[in-house]
Amino acid sequence: MERETVDFFRTPYFLVKADKKFAEEISEEVRDILKKRKTKKFDNLINYKNYASNKIRQDLKSDQKRDAPITSLGFDTYTSVGGFLDNDGPEIELEELPSKIQNHLDDNVKAIPLSLTYESIWLNITYNNDYNRCHNHKDQADLVFVLYLTKGTLWLRNPNHRPKLDRFYSHMGSSLSIEFNTGDMILFPSDIDHWVEPYKENYTRISIAGNLRIN
């Protein structure tokens, strides 16, 4: 008699741990990004904010009333649709990024054993108490990447969470968070739900994120 326990359907995550000297090497380029942000040179920056004050209505079909609420009982309801600031500006091209940051990003993407093409790249600049709602990118890409230019924390939802079995096998639970430092990077499948919690520390969080297509 033969027996085997097999872990099918694993989800790949690609993690990069940067050299501790990297933060110092790109410090001037990070300062330049913040300077451009203040002068609005990067009009396509996406800032994830606290949207509790804005009621988000259901995006109904064009033949229905656009302002119809999700429920007629008067509940205040919110959805992740429309949870980000509008981003009408052009997306950032890889070549527009400062050279050291650009090379670091591209080297890490090319190290993945897949043929990948950049679909889009953008900057996240967030401040005290800002957060990023739970979402995924499955309708936009195959993989998502986040490159941290400051320290930051990313939460990832476990797509295969099974409470009782997880107690004995994966010991993972419904989600996990990863603490990143400057230069660290993560790439993961675009259907994975992820989010950023509000933070209390008094510093500006900066990261570069983007979508990748598998050729």
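The values are calculated or read from the model by the stated rules, or taken from the named source; none is laboratory data. Since we're looking at a predicted model, the values are computed, not measured. Backbone-built Cβ (ideal geometry, glycine too); neighbour counts: all protein chains shown. Just the protein is used for accessible areas: all its heavy atoms, side chains included, with ligands, DNA and RNA removed. Shrake-Rupley method; radii C 1.70, N 1.55, O 1.52, S 1.80 Å.
Descriptive notes on the structure:
- Leading residue by the ranking (surrounded by the most Cβ atoms within 10 Å (Cβ to Cβ)) among those in the range 8-18 that are in contact (Cβ under 8 Å) with a residue 40 or more places away in the chain and more than 13 Å from Tyr148 (Cα to Cα): Phe14
- Filtered residues of the range 69-117 (kept if polar (S, T, N, Q) and either modelled with pLDDT of 65 or more or not in a loop (DSSP other than H, G, I, E, B) (or both)): Thr71, Ser72, Ser99, Gln102, Asn103, Asn108, Ser115, Thr117
- Complete set of residues in the range 119-138 that are modelled with pLDDT under 90 and not aromatic (Phe, Trp, Tyr): Leu123, Asn124, Ile125, Thr126, Asn128, Asn129, Asp130, Asn132, Arg133, Cys134, His135
Yes/no matrix, rows are residues, columns are (1) closer than 13 Å to Ser207 by Cβ; (2) basic (Lys, Arg); (3) open to solvent by less than 30 Å² (accessible area, probe 1.4 Å):
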| site | (1), (2), (3) |
| --- | --- |
| Glu91 | no, no, no |
| Ile101 | yes, no, yes |
| Pro113 | no, no, no |
| Tyr118 | no, no, no |
| Asn128 | no, no, no |
| Tyr131 | no, no, no |
| His137 | no, no, yes |
| Phe145 | yes, no, yes |
